[in-house]
Structures are given as C-alpha cells and as structure tokens.
Amino acid sequence: MKHSLSRRMIRYVLLAILPVLALIIAVVYIKASGELTAGMERQATQLAENTVMKIRLTLRPIADIPRTLASSLSRNQLNEPAVKSLLSRAIQLNDDVFGMALGLEPNVFGKKPGEFCLYAFKDGVNIRFRRLDTPQYRYRQMPWYAKPATTGQAMWSEPYFDKGGGNILMSTYSVPVKGTDGRFLGIATADISLKRLRKMVQSIRILKSGFAVLLSSTGRVLVFRDNSIVMKESIFSLAEKMNAPTLTALGKEMVAGESGVKVISTPQNHQQYRVVYRPVADTGWSVGIFLPEKELFEPVRRLTQILMAVSIFGVLLVLWGVVVVSRKTTVEIENLSKVAERISRGNLDVPVPPGFSTLELQRLADSFRSMQQSLQEHIQNLIETTASQERMEQELHIARDIQMGILPKIFPPFPSRHDLELFAMIEPAREVGGDFYDFYFLDESRFCFVIGDVSGKGVPASLFMAVAKTLLKASSDPDQAPGAVLEKVNAALAEGNTRSMFVTVFLGILNLKTGRLDFANGGHNPPLLIQGNTVVQLKSRSGIALGAWQEATYSTESIQLGEGDGLFCYTDGVNEAFNDRNEIYGLDRLTQQISQGFQGSAERLVKTVFEDVKIFAGKIAQSDDITMLVVRRAHSVGSQTEVADDREGI
C-alpha cells in the first residue's frame, strides 16, 4: 500500500523523535526518583538515628542506676531496711524507672539462710515492695537473673511481661553484684516500662502512611502502629504469614545489629516499602523506618505525566510543521525516498543525488551517504567475524579429533586375551577437554591402566592432558611400582609449570595370572571395587594431584582380585552431574547403578551408567568431562597368546 509523502515524513520524524522523548522522560524519571529517594532516605535516616539517640539517652541513665546500686551494695553490709531505702530513693529520683530489684544468691543476705529477692515498683505516687523469693516466681531461673549471673556481664533483657513482679510490659537492665573479694553475690536491676518507648517511636511521621517499628534482639515486635501484634508477633512470623521473604531477610539483618536501607515487598497487600534501619547500641534492639514506595514516587509520577503531555503536544506541533514543509519539497523528498527504498532492499551502492535546495535536505542526503558507509563497514566486519568464528570452530573440531585419536577407542582392544574384560568411554564437556584414560600390557601377564582428570577445561586442559598421558605411558615399567611412576611423572609435570595446572591420576597394574592389583592414587576419585555381589569404594591413601608440588610422594597399595572381580574407574563429571533441581548425581546412585548392571558386560555397564547420568541431568548442559573405565579380571579359559609391548611408538 502506497503512502503520501507527508505520511512518510511523519513516520520518519516519529521514528526519530519518539525514542528521544522516551529517553528524556526516562532520564528525568530516573534522576528525579534518585534525588527524591536519596532525600527521603536522608530524612528517614536522620529520624532513625534521632530515635535511636532518644532511646539510648532514655536507657543510659536507667542503666547507671543498678550499676551504682551494685557498687554500693558490694561495699556495704547488706540488710533489708538498707536495701529498701536504696531502692525506694533510686526510683523516686528517676521518673523513667518503673521498678528495681535486688536478687541475691542463697545465704548471702546477712546471717539469715535461704534466698532473698526484693522488688520495688511504682504504684501511682507510692512505692510498693514485693518479695519475689517465692516457689511460684523462682527468680534465679528468670532470664533477667540467670543470664547475667552466668556471663558476669551487665545487659538489657528481652522485653517481657513481668507476671508476679511489676505485672507490666517491661525491659530490665541487670548488673551483677560482687563482693569486695570478687565473689558473685546477686543481681541488681532497673526496669523501664515500654509505654514511653512506644510513644517515642509511634510519634514518628513520614509521608502519609510511613511508620516506624522497634524490634527486640530476637525480632519480636516491641513497637508498631498496630498495638494488637506488639509482643505477640515477630518480624519473622509476620513475614511467614504475608509470604514475604524480603521481610524475613530484613529481619535477619536488623536482629544482627546491622544498619542500612532495604526494599521489601509484601505480596499480601501488594505494597513495597523502602526501609531505613539502625541498631540501638547495648540492647540488641533495632529501629526501622518504613517508607511506602507508592507515596515516595507519587511526585515523580505526576512530573512524568506532565512531561508526557508536553511531549505529545510537541510531537503534534512538529508533525504539523512536517506536513507544511513536505508540500514545498515534494520532488527532492521523492528522490531521497527512492534512494532509501533501494538501500532498504540491500543496495548499499546506490548513489544519493546531489544539489538539494535546502540545507536540511542536503544534511539528510549526507546522512544517507554516512548510513551507507556505516552499513557497508558493519556488513564487512560481520563477514570477517563470521569467517573467523567458522575457522575457530573447524580448528576445535580438528583438535577434538586429534585428542580422541590419542585415546584407545577400539574394543575389545586385545581380542586374543580371554582373561581380561575392558571397556572405556569419554565425553568432553566442550569440544576438547582434560579427562583421559589409557591401558597397555607391561609384559605377558601384567596389565597397566590409568585414568586422569586435568584441572580446567578447553584447549589448555587438553594440551596438559596429552603431556600427562604421554609421560605416564613412557614412565611405566615392569620393574617400577605405580607409586614410583606417579612420582616420576609428577616431577616432570611440576617443572616449569608456570600456569599451576595439575592432574588427578589413578594408576593400577593388574597381574592377570595371580590377580594381584598394585595401584597408586594421585588425588583422583577412588574407583568402585566390584567383588562378587558387592560394590564398594576402593580404600586408598590418596596423594596430591600431579604437577602441584614437585617433591610429592605417592604410596603403592595392593589388593587381590578374584576371577570375575573388577574396578569401575571414573572422573568427577559422573558423580558431580547436576539436574534442573540443583541435585547432584552422587556416589550412592552410581553405586546402585553398578550393582544392578555389573553382571553384564563391561561395555553395557559403562553405557548404562552414562545413559542414567544423561537422564538424571535432563536438559541441564554437561558442565564437566565424563570419563569411565571398567577393568574386570575374566574367568580363566586356558593359555593366553603372547602380548607384545604395546607402548612402542610413544
């Protein structure tokens, strides 16, 4: 469908203007939001810090009172009238103190045996006294007594309802009382009612519905705008009811005494809050200021709406101007339109006509020429990049073929041998990898096999693997034990190993006549030993990986394999495979698979395990190389054909 020139120009102008306007609106919105958020956070932070300071200024003189009382009691002889006088005078001189107590250890109060705990508290304008050393109260088991008595440290208690004492919601500051000889005598306390702190925190007002909260050291709600949940809920129970994990995370940070700003979501009421929180030192409490983000960003939303209205009006005005201008420049625009149409079809060499009547059209023509040049350069770069990538992929394919070519892959490898069953496979996680296996006869009866895993992946690992495999095969000798072979190869790999690469290796030498298996382990996964109807992990003294330390030593160990017994060797790409639920394949599942399939052939066993690993991983991409090697001592069937030393051609 053909469109008029005016419509085309309108479309081009819209394509040019709308992204710019959208960017401007977005920048203004982000900038304004950032400034507004920063300013409101500063205000909330100041409120939180002021509130914390008020709470500390309220609590500090209260904490000094039991300290003074404890000091006085430790220096003077204790008697009940003197204690009553001290408690009464301290309460009368401090309006913020609701009550005080002195609890002593048994047989401390004068010469009178037994426990002593006296509590003084305000009852209107009077001071009342109550003995708490009763079987019902058991003051020495109360947290305000037991915890500082155990730690020897003065502390604020978790807020509680003091049933049997003051019978109000309070928090207690407890100070250990010690004699002149340092002996623990008891606890002196001062209580503060939470009513004053509640008024202090609930008086905070910010935005329309912002609010403050005070939490205890365990996350219990001490002050909240809804008094019905105070001391009945914690921030964690509220988060669980509202299905709000971000609220749980906030609670953990507040309980840990951290400071900061955090954004939380409450799906139950579809609200988001920006929370500024600060700890109250020496108490374990924490103050949080909650700012509703909907109210926080309301001014920014209004500003954005105004900007959008102005932008729409501006676009309409520009479009009107485009229509007027297009009528005067129809011919030249049509020429440029034809050029643009040809360029859009892929003809980047089409010439742009010169000699336009207006400066704007001349600049537009120059823009077309610049666009042509940029597109040509981009396409050329794309062609070169694609060709380079194809060459790299081809080289990696060749490297994979070379790597796979140096590993034995024809099974059975020794068809004339009937006393040995063998199968192996490897599946790199990338084009090339660092896993490898190898096997060869040292003489007519001794069979050497090895499996290894190089640190890292890709081309560096594959090169290090090739060097390690070659050194292992070259160093194997009928007169050398497996441990000595690993020591020799380790020294060679560690020398000049500037990239600090290493390889884990398990090397075994099986005497097919006697069934004796000598082996050494250089940091590799212990193989699974298959004997009769049992599958267990081979116990071995594992040394460190080869190449890590030039002076490392490796021990040679031995076991006896009966006819039909064998080893299942593998790399960690098998047992450490993951599925989409982040579950690990694990040694237990691997052992179960081998137990179910070891009666079959070695090839069938390896392929069964590999398929089970793939089924377990599902759609999750393979993250590590997978290598398996099964060596089984077969039942004897007579004399064996002579075996040439297959290590020739190293």
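The values are calculated or read from the model by the stated rules, or taken from the named source; none is laboratory data. Predicted, not measured: the structure shown is a model, and the values here were computed from it. Neighbour counts are summed over all protein chains in view; Cβ atoms, including those assigned to glycine, are modelled from backbone coordinates with ideal geometry.
Sort through LEU296, LEU291, LEU319 and tell me the only one that's in contact with a strand residue (DSSP E or B) (Cβ under 7 Å, 6 or more places away or on another chain), among the hydrophobic types (A, V, I, L, M, F, W, C) and at pLDDT below 85.
Result: LEU296 is the single residue among LEU296, LEU291, LEU319 that is in contact with a strand residue (DSSP E or B) (Cβ under 7 Å, 6 or more places away or on another chain), among the hydrophobic types (A, V, I, L, M, F, W, C) and at pLDDT below 85.
Scanning segment 456-473 for residues that are buried (at least 18 other Cβ atoms within 10 Å of the Cβ) and either more than 15 Å from LEU546 (Cα to Cα) or under 31 Å from the mean Cα position of the chain (by Cα) (or both) yields LYS457, ALA461, SER462. For the residues ALA492, ALA466, ALA484, ALA474, the requirement of being among the small types (Gly, Ala, Ser), over 18 Å from TYR554 (Cβ atoms) and either in a helix (DSSP H, G or I) or touching an Asp or Glu at 6+ places or on another chain (Cβ under 9 Å) (or both) singles out ALA466. Going residue by residue through segment 150-172, is there one that turns out to be polar (S, T, N, Q), at pLDDT below 85 and more than 30 Å from PRO81 (Cβ to Cβ)? Within segment 150-172, none of the residues are polar (S, T, N, Q), at pLDDT below 85 and more than 30 Å from PRO81 (Cβ to Cβ). One residue alone among LEU214, LEU197, LEU185 is part of a strand (DSSP E or B), at pLDDT below 90 and crowded, with 17+ Cβ neighbours inside 10 Å, and that residue is LEU185.
Only a single criterion out of (1) modelled with pLDDT under 75; (2) closer than 15 Å to TYR12 by Cα; (3) exposed (fewer than 11 other Cβ atoms within 10 Å of the Cβ) is not satisfied by SER344, namely (1).
Of all residues in segment 279-294, those being buried (at least 21 other Cβ atoms within 10 Å of the Cβ) and within 22 Å of LYS208 (Cα to Cα) number 5. Looking across ILE62, ILE10, one residue alone is closer than 27 Å to SER337 by Cβ, β-branched (Val, Ile, Thr), in contact (Cβ under 8 Å) with a residue 24 or more places away in the chain and surrounded by 12 or more Cβ atoms within 10 Å (Cβ to Cβ). It is ILE10.
Conditions tested, residue by residue: (1) within 50 Å of the chain's Cα centre (by Cα); (2) at pLDDT 85 or above; (3) of a type outside the set (Gly, Ala, Ser).
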{"position": "ALA22", "(1), (2), (3)": "yes, no, no"}
{"position": "GLY99", "(1), (2), (3)": "yes, yes, no"}
{"position": "PHE109", "(1), (2), (3)": "no, no, yes"}
{"position": "GLY114", "(1), (2), (3)": "no, no, no"}
{"position": "ASP123", "(1), (2), (3)": "no, no, yes"}
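Just so you know, in segment 527-568 the residues that are in a loop (DSSP other than H, G, I, E, B) and aromatic (Phe, Trp, Tyr) include one that is farthest from VAL606 (Cα to Cα), and it is TRP549. Residues of segment 499-526 that are closer than 12 Å to GLY452 by Cα and in a loop (DSSP other than H, G, I, E, B): PHE502, HIS524, ASN525, PRO526. Pairing each residue of segment 132-161 that is in contact (Cβ under 8 Å) with a residue 12 or more places away in the chain and more than 12 Å from GLY186 (Cα to Cα) with any residue that is part of a loop (DSSP other than H, G, I, E, B) and hydroxyl-bearing (Ser, Thr, Tyr), provided the two are 6+ apart or on different chains, yields C-beta distances under 6 Å for PRO143/SER157; TRP156/THR283; GLU158/SER216; PRO159/SER216. In summary, VAL97 fulfils each of the numbered conditions (1) over 21 Å from PHE129 (Cα atoms); (2) touching a Lys or Arg at 6+ places or on another chain (Cβ under 9 Å) with the single exception of condition (1). Scanning segment 419-455 for residues that are of a type in the set (Val, Ile, Thr) and either surrounded by fewer than 22 Cβ atoms within 10 Å (Cβ to Cβ) or within 32 Å of the chain's Cα centre (by Cα) (or both) returns ILE426, VAL432, VAL454. Taking segment 178-200 as the range and being out of contact with any Gly (no Cβ under 8 Å at 6 or more places or on another chain) and of a type in the set (Val, Ile, Thr) as the test, the residues that pass are THR180, ILE192. Given (1) touching a strand residue (DSSP E or B) at 6+ places or on another chain (Cβ under 6 Å); (2) in the same structural domain as SER259 (by TED's automatic domain parsing); (3) farther than 30 Å from MET40 by Cβ, identify the lone condition not met by LEU214. Only one criterion is unmet by LEU214, namely (3).
Could you pull out the residue among ARG67, ARG60, ARG130 that is at pLDDT 85 or above, assigned to a strand (DSSP E or B) and either more than 23 Å from LEU169 (Cβ to Cβ) or among the charged types (D, E, K, R) (or both)?
Selected residue: ARG130, the only one of ARG67, ARG60, ARG130 that is at pLDDT 85 or above, assigned to a strand (DSSP E or B) and either more than 23 Å from LEU169 (Cβ to Cβ) or among the charged types (D, E, K, R) (or both).
Flag: ILE426 does not match the condition of being in a strand (DSSP E or B) and in contact with a Leu (Cβ under 6 Å, 6 or more places away or on another chain).
Take LEU528 and tell me if it is assigned by TED's automatic domain parsing to the domain that holds GLY586, more than 21 Å from VAL574 (Cβ to Cβ) and surrounded by 16 or more Cβ atoms within 10 Å (Cβ to Cβ). No, not satisfied.
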